[in-house]
Amino acid sequence: MKKAFEYAFLAVLVIHLGTHLFGWAGLHAPTKSLLLPLLAAWFYLRSNRPWQAGELWMAAGLVLSWVGDVLLIKGNEPLYFMTGLGSFLLAQLSYAQGFTKMPGNQPGLLRQKPLWALPVLAVAVGMLWWLFPNLGDLRLPVSIYVGAISLMVLSALHFGEQRPGGLWLIMGASCFMLSDALLAVNKFAIPVPQAGFWIMLTYGVAQYGLVRGFTEKV
């Protein structure tokens with residue numbers, strides 16, 4: 001059953017990516033809306049202990065990501081974009097909190113090697129510096145969001161590095177940041193060729209990596 005939901009998520013992701021490449025407009029909204037429910041079912045089945053605080057925070061992140069996905073289907077409209085951004089901001093904070101509660105957590109990487117935080121912070125500051133002149137009234141909310149996703153990536157590094165699924169977790173968090181960077185560049189700076197395809201490819205890999213990394217058996 002676990003494999004069925006994993007394969008269903010990957011199949012729907014491939015079909016959704018096809019909507020960006022081949023213009024299958026009728027499948028765009030349904031496939032995007034299905035991604036996170038399938039992943040949440042896989043997360044539930046892969047959880048290898050009675051649910052505790054970490055699982056609840058991760059589940060909250062998945063639900064909030066699904067809400068963000070649905071809202072951003074109409075992301076060209078300001079109200080939908082802002083509420084979608086807010087939903088994903090809360091998702092990033094939920095994931096970051098969930099990582100602190102993972103089973104078998106070891107002493108954190110960044111406590112031992114704080115310089116590992118510098119690449120993440122450099123990317124965050126660099127993106128804001130580049131985009132800031134084009135953000136207008138969105139400067140504050142986008143800045144807060146960049147802070148939230150940076151915290152999520154740093155949390156994945158800090159708590160994930162010594163776990164069995166740590167590489168999946170860190171890859172997932174990094175791909176999430178890359179996906180959001182592509183979205184922001186395409187929306188506020190310069191058009192990215194096949195932007196929708198690349199944004200959703202990195203986003204799908206991100207969510208898959210977070211779930212797989214969190215639920216990998218200790």
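The values are calculated or read from the model by the stated rules, or taken from the named source; none is laboratory data. These numbers come from a predicted model, not from an experiment. Glycine also receives a Cβ, built like all others from the backbone with ideal geometry; neighbour counts cover every protein chain displayed. In case anyone asks, the SASA skips ligands and DNA or RNA and just uses the protein heavy atoms, side chains included. Shrake-Rupley method; radii C 1.70, N 1.55, O 1.52, S 1.80 Å.
Scanning region 42-84 for residues that are under 18 Å from GLN207 (Cβ atoms) and in contact with a Phe, Trp or Tyr (Cβ under 6 Å, 6 or more places away or on another chain) yields a total of 6.
Against the conditions (1) of a type outside the set (A, V, I, L, M, F, W, C); (2) out of contact with any Pro (no Cβ under 9 Å at 6 or more places or on another chain); (3) assigned to a helix (DSSP H, G or I), ASN76 satisfies every one except (3). Within region 4-30, residues that are surrounded by fewer than 17 Cβ atoms within 10 Å (Cβ to Cβ) sit with their Cβ atoms under 8 Å from residues that are at pLDDT 95 or above and not in a helix (DSSP H, G or I), at 6+ positions apart or across chains, in these pairs: LEU21/GLN194. Close Cβ contacts (under 9 Å, 6 or more residues apart or on different chains) running from residues in region 39-61 that are without any contact (Cβ under 8 Å) to a residue 60 or more places away in the chain and in a loop (DSSP other than H, G, I, E, B) to residues that are of a type outside the set (Ser, Thr, Tyr) and open to solvent by 40 Å² or more (accessible area, probe 1.4 Å) comprise GLN52/LYS101.
Taking region 161-215 as the range and being more than 29 Å from MET102 (Cβ to Cβ) and not aromatic (Phe, Trp, Tyr) as the test, the residues that pass are VAL185, ASN186, LYS187, ALA189, ILE190, PRO191, VAL192, PRO193, GLN194, ALA195, GLY196.
Any idea which of LEU157, LEU167, LEU121 is buried (at least 19 other Cβ atoms within 10 Å of the Cβ), farther than 25 Å from GLY196 by Cβ and aliphatic (A, V, I, L, M)? It is LEU157.
Scanning for something among the hydrophobic types (A, V, I, L, M, F, W, C), in contact with a Ser or Thr (Cβ under 8 Å, 6 or more places away or on another chain) and within 30 Å of PRO103 (Cα to Cα), does region 28-48 turn up at least one residue? So that I can check it myself, show each step before the final result.
Looking only at region 28-48, we keep the residues that are among the hydrophobic types (A, V, I, L, M, F, W, C), and these are 29, 34-36, 38-43, 45.
Checking the rest, the ones that are also in contact with a Ser or Thr (Cβ under 8 Å, 6 or more places away or on another chain) come to 36, 43.
Narrowing the set further to residues that are within 30 Å of PRO103 (Cα to Cα) leaves 36, 43.
Yes; the residues of region 28-48 include at least one that is among the hydrophobic types (A, V, I, L, M, F, W, C), in contact with a Ser or Thr (Cβ under 8 Å, 6 or more places away or on another chain) and within 30 Å of PRO103 (Cα to Cα).
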